[in-house]
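The structure under discussion appears below in the form of structure tokens.
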Amino acid sequence: MIVLMRNSESGGNRDGSNMLVWDESGNCKGESTLTVEGRAHARKIGATFAKYGIKPIVISSPMCRCTETAEIAFGEYVTDPALRQAPLDDTHGEDSFQSMASELFSRYRGSNPIAFVNHRPNIDSLTMELINIGDLLIGTVTETGEVEVVGKIQIYP
């Protein structure tokens, strides 16, 4: 099983700024980071998973709004630079993203569910599904790392 989710609300989700800025040092300099509401939403997601005893393997974009969401909701996570949000016209970036995502999904496919914290354009490119903040896509991972969506639920912000 895989759960695909957008990062919780960030300043950039509100005003559209700094969505592509990435501070490779991990210090979030110039990046869009979570709002107070976004941090509360991430806690709610984590609490909902915990309530049902679900301990997923978490894969996140390296951009701060995603790593903040993953950290607050789940604690530990893995990431790769290829999982960040790239400009929509960057076909090389999208190819790198899709390749790395599929490789990670295949590697971690197994008895534990995967929680994938990422960006709307990236999730759209994997699933052809548009999701809003709070939407969780539920699916399965094929042997080749492709995602087959079986449903959508919302954990309200």
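Criterion first (exposed (fewer than 14 other Cβ atoms within 10 Å of the Cβ) and over 18 Å from LEU136 (Cα atoms)) does PRO62 satisfy it? Judged against the criteria, PRO62 is not a match. Looking only at segment 11-25, which residues are assigned to a loop (DSSP other than H, G, I, E, B) and without any contact (Cβ under 8 Å) to a residue 40 or more places away in the chain? Correct list: GLY16, SER17, ASN18, VAL21, SER25.
The one condition from (1) crowded, with 21+ Cβ neighbours inside 10 Å; (2) of a type in the set (A, V, I, L, M); (3) under 13 Å from ILE133 (Cβ atoms) that ALA40 does not meet is (1).
Of the candidates THR69, THR48, the single residue that is touching a residue at least 60 places away in the same chain (Cβ under 8 Å) and under 11 Å from the mean Cα position of the chain (by Cα) is THR69. Selection of helices (runs of 4 or more DSSP H) fully inside segment 51-157 by the criterion of at least 1 residues being at pLDDT 95 or above and small (Gly, Ala, Ser) returns 64-74. Looking only at residues in segment 19-47 that are in contact with a helix residue (DSSP H, G or I) (Cβ under 9 Å, 6 or more places away or on another chain) and β-branched (Val, Ile, Thr), the one that is farthest from SER8 (Cα to Cα) is VAL21.
The values are calculated or read from the model by the stated rules, or taken from the named source; none is laboratory data. Not measured: the values here are computed from a predicted model. Note that we place each Cβ from the backbone using ideal geometry, even for glycine, and neighbour counts take in every protein chain shown.
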